[in-house]
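Note sheet for the following structure.
What follows draws every value from the coordinates through simple rules; no lab data is involved. Everything numeric in this text was worked out from a predicted model, so none of it was measured. Here Cβ is always computed from backbone atoms with ideal geometry, including for glycine, and neighbour counts include all displayed protein chains.
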Amino acid sequence: MSIEIRHVTKRFGDFTAVDDVSLEVASGSLTALLGPSGSGKSTLLRIVAGLEFPDCGEVLLSGRDATGLAPQKREVGFVFQHYAAFKHMTVRDNVAFGLRVRKRPKAEIAARVDELLTLVGLQAYAKRYPAQLSGGQRQRMALARALAPKPRVLLLDEPFGALDARVRAELRDWLRRLHEEVHVTTVFVTHDQEEAMEVADRVAVLNEGRLEQVASPLELYDEPASEFVMRFVGDAHRIGGRLVRPYEIALEREPDDGAVEVEVERIRVLGAEARIDLVDGSGAPLVARLRRDELEQLGLERGEILWARPERALAATAARP
Amino acid sequence: MADALGIAAVRPRRAAPRGERLGTSLTLGVVTTFLGIVVVLPIAALVWQSKGQGAHGFWSVVSSPEAVAALELTLGAAVVVALINGVLGTITAWVLVRDSFPGRSLVNAVIDLPFALPTIVAGLTLLALYGPSSPVGVDVAFTRAAVVLALLFVTLPFVVRTVQPVLHELDVEMEEAARSLGAREPTVFRRIVLPNLLPGILSGVALALARAVGEIGAVVIISGNNPYRTEVASVFVMNRIESGDPAGAAAVAVVLLCIAFAILLAIGGLRFLLTRHERA
Amino acid sequence: MRRFLPRVVALGYLLVVLLAPLGMVFYRTFQHGAAPVWTAISSPEAVHAFELTLLVTAIAVPLNTVFGICAAFAIVRRRFPGKGLLNAFIDLPLAISPVVVGLSLYLLYGRTGWFGSWLTAHGIQVLFAWPAIALATVFVSVPFVAREVVPTLRELGDDQEQAARTLGASGWQTFRRVTLPSIRWAVVYGVVLTTARCLGEYGAVAIVSGRVAGKTETMTLLVDDDYQNFDLSGAYAAALVLAAIAVVVLVVMTLTKPKEEAA
């Protein structure tokens, strides 16, 4: 099922959570809504789910207007950051809920529940209660529950935000593999740019309720549409009015066109890379990244004065001050 | 962190230093002496003296027609009132937590009125409003309905106050999840909200029951205290004392005591069963 | 409509059962003007009833406050056998009928009671005098301060107290300077509930007081007594005083309610 969001705006009192956002999500794709907290990404997701209703604009699901449609009728699966597990029901009953509500025959429900529990690796926990599961297990249960009634869209609201780093990384990979197997249109919300870039086919970057850019992870990194996007998806530094990536800073002993005077504060070697902490004339910190051999060629020392120059001039649109 | 690994966090037990142990013993001594004199001793005297005339004497009072009628009325009215306030109290709690309207905090404060107002005053005012000179033309004075009305007043806050915190803690996302899975509103309430509210409702109902069984002040004016018709058990006990039959009074009083304990135990057990999913 | 219906049901119920009756007290009392009210309130019986009520309340509240704080501290912060039993007995007055309370005191301090002969021999009158009324009032108002302080103490945790100890404070100093201030609002709320209970007690004192007008009647007994004697203006006047105090109590309750209980 494809999703089309047209000029959606949502306000809460004086606060504009979503500001005239238009976005298309292709059927079967895996899209991330990326942005800092307060950027409106969760609100947008909830509007797609029908858990909130926009003040203006439309939401179309498979081409049909679903803007005012109740969540029950949208055939969306929703996964919450804090699992929203039905704590008074067993794992099995949780997963079966969507099917029971649709009054499917018992045998069909049992088979489907078993299928999903196997898919998420929770067969052994079927009779347990959510309170007896770890965070990661609860979220896998929540996923199984959302998938059970075969939704046409899967929406995940910061699904791994409440989990610790190791579990998060595992589930991230797992979600990617799940999507490749199940192929349901998936949209997930995250504030973690690494997560968005690693998992999604396309990333929509939101800031203060507005859509900044929608593109593949690589495009976002190489051709950011604004300074915000550039800073959000990776490290960026300002040199002489231009915004560049740490690995795009060339350090030279002689001044050149567009170069800025900097002082070396600290040199750190991290494996095959070196990270050089610099300070420019105004005291602003910069970080340059060099390969080990480049570092050795330069022969840098602490306190040295050098000239930093953007090595690859990025597209003019990227460097708006 | 320990939680994620499934290890229960264990607090190291420290041995209490001597000064602290002395302080504890002293405090405990004061506390138990006070409680002993004020509460335990009188109750012990009651239980002991109810056996005064032997099992036969005990039974003859308790099974006398007047006592039976009083106990039936008391229990019947208490159950009716607990059920009514169970339902209406839950609705009230719902409205106070989930709804918003001008004056909501005032209404919330007023719920505690039965805790603040002397029961005899409550009875008098109910009589003024729903008795012989009622300005709204409703006269239930000296009937069994009056007993129910008085008990409704005094037990109103219990269910509201036990359900409110549960409603507050209730994860709204559970309801949203249920909706996203296709459940319509009545189903959401029935399958998701109510099961989680039930322990709280039961606590309130138990407290209301125990209170209703023992109530006297609110009932004594408006019910008329007609034996066999509108005399509740507590009034019966009082009459027995005034008639110079303290042993008889004690017998029925012990029955009331046992009923209160039975209620608290039964509902405590029910709550335990209902919340087993919360114990990891 | 779905939102509207529960609201109407709840508010309607509260109006019928709570608010309208309360309004009636104020209306009925002043129905015949303020003069009869003043006469009734200033009668010797009424004044005495007021003083007696205040006396027993002034005895019960401090006793139960100290008890409640000590008991709560012992229950939450210390280990000892029989904790469950202690808890049960503290909660007991909430579960039993006031009439049972009165009867049990009667059976303890009455002429035929356990202490009866000893008291008579020493010429001490407990029953049918103010000591019995005080004992009854103390009995019924035992739980309130303890029950408010226990959850507060539990939630606070003893980290602050442990910090104080490491800084050199003795047990008593820690209690006075760290524990007490942190529970003060719970104590205030408990005191308010205790006071309300003391003022409103009827069943137990009805049995142990002897109900002699002008001698052993509390305000609640006076209301009943006046009503039984068809002195409606007296009954309503006393009821009004009690209701007015109740409204003040309600306001203080609302202001000092611990937040985990407030909506």
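Using 1/(1 + (r/R0)^6) with R0 = 51 angstrom and r between the beta carbons of A:ILE305 and C:THR166, what's the FRET efficiency to the nearest 0.05?
0.45
Stick to the Cα atoms of the range C:106-198, pair each with every other, and give me the Kirkwood hydrodynamic radius in Å at one decimal.
Answer for the range C:106-198: a Kirkwood hydrodynamic radius of 16.2 Å.
Ranked highest first by average number of other Cβ atoms within 10 Å, how do A:58-66, A:223-231 line up?
Per-residue mean Cβ counts within 10 Å order the peptides as A:223-231, A:58-66.
How tilted is helix A:106-120 with respect to the longest principal axis of chain A? Cα atoms for both, answer in degrees (0 to 90, nearest 10).
Roughly 20 degrees, rounded to the nearest 10.
Projected onto the charge dipole of chain B (+1 at Lys/Arg Cβ, -1 at Asp/Glu Cβ, origin at the Cα centre), which of B:ALA70, B:PRO199, B:PRO135 gives the Cα projection farthest towards the positive end?
Value computed over the given set: B:PRO199.
Stokes-Einstein D for chain C at 4 °C, 1.567 mPa s, Kirkwood Rh over Cα pairs, in µm²/s?
In µm²/s, the coefficient is 62.
At C:VAL66 and B:SER60, where each label point lies 7 Å from the Cα along Cα→Cβ, what is the point-to-point distance in nanometres?
4.8
In nm, give the distance between the simple-model label positions of B:ALA262 and A:SER62, each being 7 Å from the Cα along the Cα-to-Cβ direction.
Placing both labels 7 Å along Cα→Cβ, they lie 6.0 nm apart.
Output the Kirkwood hydrodynamic radius of the protein assembly as shown, Cα pairs only, in Å rounded to one decimal. Don't skip to the answer; put the middle values down first.
Numbers: mean 1/r = 0.0308 Å⁻¹.
Roughly 32.4 Å, rounded to one decimal.
Ignore the peptide's own chain and count Cβ atoms of other chains within 10 Å of each Cβ in B:165-177; give me the average, rounded.
The shielding value for this peptide is 5.
Kindly state, to the nearest 0.05, the FRET efficiency for A:ASP235 paired with C:PHE26, given R0 = 51 Å and r defined as their beta-carbon distance.
Numbers: r = 72 Å, r/R0 = 1.41.
E between A:ASP235 and C:PHE26, to the nearest 0.05, is 0.10.
Can you grab the distance from the C-alpha centre of the range C:164-196 to the C-alpha centre of the range A:211-279, Å, no decimals?
58
What residue among A:ARG309, A:ARG292, A:ARG152 has the largest mean-square fluctuation in a Gaussian network model of chain A, using Cα springs under 10 Å?
A:ARG292
Using alpha-carbon pairs under 8 Å, 6+ residues apart, how would you state the relative contact order of the range A:3-228 in percent?
Reported relative contact order: 30 percent.
Per-residue Cβ counts within 10 Å, from other chains only, averaged over C:216-227: what number is that?
For peptide C:216-227, the averaged partner shielding equals 3.
Hey, got a sec? Which trypsin sites (Lys or Arg not before Pro) in the range B:30-136 land in a DSSP loop and have at most 16 other Cβ atoms within 10 Å?
B:LYS51
Determine the percent antiparallel among the DSSP beta bridges restricted to the range A:3-228, to the nearest 5.
About 50 percent, rounded to the nearest 5.
Just check the range A:160-221 against the gyration tensor rule for me: Cα atoms, a ≥ b ≥ c as the square roots of the eigenvalues, rounded for a/c under 1.5, and otherwise prolate or oblate depending on whether a/b exceeds b/c.
Because a/c hits 1.5 or more and a/b fails to exceed b/c, the range A:160-221 counts as oblate.
Can you quote the Å³ per residue value for the convex hull of the Cα atoms in chain A, rounded to an integer?
Numbers: hull volume 51.6 nm³, N = 321.
Each residue corresponds to 161 Å³ of Cα convex hull volume.
Rounded, prolate or oblate, given the Cα gyration tensor of the range B:135-280, with a/c below 1.5 counting as rounded?
Numbers: a/c = 4.12, a/b = 1.94, b/c = 2.12.
Oblate.
Once you have a ≥ b ≥ c as the square roots of the Cα gyration tensor eigenvalues for chain B, tell me rounded if a/c is under 1.5, and otherwise prolate or oblate according to whether a/b is larger than b/c.
Here chain B falls in the oblate category.
Which whole-angstrom value gives the distance between the alpha carbon centres of the range B:174-246 and the range B:42-56?
Comparing the Cα centres of the range B:174-246 and the range B:42-56, I get a distance of 29 Å.
Can you tell me how much longer the chain between A:SER22 and A:GLU254 gets when fully stretched, taken as 0.36 nm per residue apart minus their C-alpha distance, in nm with one decimal? Can you show the working numbers first?
Values: separation 232, 0.36 × 232 = 83.52 nm, distance 4.84 nm.
Fully extending the segment from A:SER22 to A:GLU254 adds 78.7 nm.
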